[in-house]
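The values are calculated or read from the model by the stated rules, or taken from the named source; none is laboratory data. Computed from a predicted model, the values in this text were never measured in an experiment. Please note: Cβ atoms are built from the backbone with ideal geometry, for glycine as well, and neighbour counts cover all protein chains shown. We work out accessible area using only protein heavy atoms, side chains counted, and drop any ligands, DNA or RNA first. Shrake-Rupley method; radii C 1.70, N 1.55, O 1.52, S 1.80 Å.
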Amino acid sequence: MPSRFWADARAQMLLDADVTNLNTGSFGPLPRIVFDQVTRLRHRLAEEPMDFLVRQTPPLLWQARERLAHYLAGDPYRLAFTANVTAAINTVAASLRLAAPGEILLTDHEYGAMHWCWERAAQRQGLTLRTFRLPILAETPEEIVSAARTAFTDKTRLLFFSHVLSPTGLVLPARELCADARRHGIVSVIDGAHAPGMIPLNLEEIASDYYGGNCHKWILAPTGSGFLYFAPGSEERLQPLQVSWGWHHDRKRADQRDEFGATPRLRYYESEGVRDPCPWLAVPTALDFQIGLGPEGIHARIEKLVRYVRERLSTIKGMSLATPTHPAMHGAMTAFRLPAGLDPVALRRTLWEKYHIEAPIIERPEGLLIRVSTHFYNTEQEIDRLGEALEMMSCEW
Ligand SMILES: Cc1ncc(COP(=O)(O)O)c(C=O)c1O
C-alpha cells in the first residue's frame, strides 16, 4: 500500500499536530468521522432526550451490538455493552461463586486494577489468589501454555489472563489456554482490553467462559465503549453490577429480542439507570472506518511499523527488546527494557515536556519498560522522533 494511502488515512484522524502519539495502548484517539457521529448523537440526546433514548436508541443499540459481535466473530445475543473492560471484568468477578477452598490463578503481568479486582473477589469468597510466572520472552506460544498448565492445581477454580499484556504487548495463546482450562474444569476469564482492533479476534474460536474488551483503544471508538461476552452455559452465573430495570425479567424469553435494543438477559447485565449510550452507538462508525481502510492492510501496516520500532530502538544504549518477535506473540505494542536505576517520573516528564511524546514508562518488579504503540496512523518519522529523544536522554544513563 503506497504511503500516500496511509498519509490520507492519518489525515482522517483527530490528532494533535504538536504531539507524537505512540500510545494507542492507553487511549485511542478518534477518527474525525467517529467524533462527528458521537457528537451528532449527543446533540440529539441533548435536544430531545425522550425521543433519543426511548425511540431512537433501541434499533441503533441492536445494530451496534450486531456489528460488534460480527466483527469479533461472536453472537450478538451473548454480547453485553459495558463502559469499559474494567466494568466487564468486575461484573464477572462480583458474580461468580467459586468453591472454597480454592484459588484464582492469574499471570504475573496483569493490569494492576484487574489484579485488585480478583484480589477482592478472592477475599470475599475465602479463596487464595495466586500468580504464576509468564515466560514473557518465550519463543513459542507453547511455552506459555505449558507455564499455565504447570501452574494448575486441583484447587484452581478460575484462570484470568490478558489476551494482550499491557506492559509488554505479548499476545497470549488465548484459545489454547482456555481449552486447557476447560479440560481441567477451570473457568476462563480473559481481559481483552487491547485485542479488539489490534489483532484478528474470533470470540467463538477462543471459547473462553467470559471475555471483556474495550472498543475505545484500538477500535478507535469513543471513550466509554466496552463489552462483556459470555459463553453458552456461563450466563446463568452472571449477575449485573448494578440492579436496575433489567433485574426482574421474563426468564422464559430471556434470549429473545426486546423493545430496548437488547434481550431481557442482556438488559439485565447492561441496564444501569440513565446513561449516555452514544459511545456504544458510535461503534459501527468506528468499525466502518477501519473496515473501509482494509483490516488486512492495517495489519500489514502495523507489522511494518512494529519492525521499524524494533530496528530503530533496539540499538539505543541500555535498551533491550521485551516483546517477542514470533508473529503469533505480538500485535501492535513493542516494549523495551530500560537500564536499571533510572527515575520513571523524570523520564515521563522529559518525554512529555521536552519532546511532546506519548509513550508510557511502565514500572515492573524487574525494572522499567517503555512501551511503543503503533497503529496505522503512526509514522516512521514519529518512531525516529522517539528514537532521537531516547538517544539524547541516554547520554545521561
Ligand atoms: C490489560 C488491561 N486491562 C484493563 C485495562 C483497563 O481498561 P479500562 O480503563 O478501559 O477499563 C487496561 C487499560 O489500559 C489494560 O491495559
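Structure values in brief
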{"item": "Residue match in segment 48-64 (condition: closer than 29 Å to residue 117 by Cα, aliphatic (A, V, I, L, M) and buried (at least 23 other Cβ atoms within 10 Å of the Cβ))", "result": "yes"}
{"item": "Test result for residue 176, open to solvent by 50 Å² or more (accessible area, probe 1.4 Å) and either acidic (Asp, Glu) or in contact with a strand residue (DSSP E or B) (Cβ under 9 Å, 6 or more places away or on another chain) (or both)", "result": "yes"}
{"item": "Leading residue by the ranking (nearest to residue 162 (Cα to Cα)) among those in segment 1-50 that are acidic (Asp, Glu) and outside any helix (DSSP H, G or I)", "result": "16"}
{"item": "Residue ID - farthest from the ligand (Cβ to nearest atom), chosen from residues in segment 102-116 that are open to solvent by 40 Å² or more (accessible area, probe 1.4 Å) and part of a loop (DSSP other than H, G, I, E, B)", "result": "108"}
{"item": "Qualifying residue in segment 228-244 (condition: touching a residue at least 60 places away in the same chain (Cβ under 8 Å) and within 15 Å of the chain's Cα centre (by Cα))", "result": "yes"}
{"item": "Total residues in segment 219-236, condition within 11 Å of the ligand (Cβ to nearest atom) and open to solvent by 10 Å² or more (accessible area, probe 1.4 Å)", "result": "2"}
{"item": "Odd one out for residue 3 among (1) modelled with pLDDT of 95 or more; (2) away from the ligand (no atom under 16 Å from the Cβ)", "result": "(1)"}
{"item": "Residue 216 being open to solvent by less than 90 Å² (accessible area, probe 1.4 Å), in the same structural domain as residue 179 (by TED's automatic domain parsing), assigned to a loop (DSSP other than H, G, I, E, B) and not aromatic (Phe, Trp, Tyr)", "result": "yes"}
{"item": "Flag for residue 140 being open to solvent by 30 Å² or more (accessible area, probe 1.4 Å) and among the polar types (S, T, N, Q)", "result": "yes"}
{"item": "Subset tally (residues that are open to solvent by 40 Å² or more (accessible area, probe 1.4 Å), within 16 Å of the ligand (Cβ to nearest atom) and assigned to a loop (DSSP other than H, G, I, E, B)) for segment 66-96", "result": "1"}
{"item": "Among the residues listed as 121, 99, the single one being over 25 Å from residue 204 (Cβ atoms), in contact with a strand residue (DSSP E or B) (Cβ under 7 Å, 6 or more places away or on another chain) and not in a helix (DSSP H, G or I)", "result": "99"}
{"item": "Any pair with Cβ under 7 angstrom, 6 or more apart, that starts in segment 250-272 at a residue that is in the same structural domain as residue 58 (by TED's automatic domain parsing) and over 16 Å from residue 59 (Cα atoms) and ends at one that is surrounded by 19 or more Cβ atoms within 10 Å (Cβ to Cβ) and acidic (Asp, Glu)", "result": "265/235"}
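So that you can scan it fast, the table gives a plain yes or no per residue for (1) part of a loop (DSSP other than H, G, I, E, B); (2) modelled with pLDDT under 95; (3) closer than 27 Å to residue 98 by Cβ:
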{"residue": "227", "(1), (2), (3)": "no, no, yes"}
{"residue": "233", "(1), (2), (3)": "yes, yes, yes"}
{"residue": "243", "(1), (2), (3)": "yes, no, yes"}
{"residue": "247", "(1), (2), (3)": "yes, no, yes"}
{"residue": "266", "(1), (2), (3)": "no, no, yes"}
{"residue": "288", "(1), (2), (3)": "no, no, no"}
{"residue": "325", "(1), (2), (3)": "yes, no, no"}
{"residue": "328", "(1), (2), (3)": "no, no, no"}
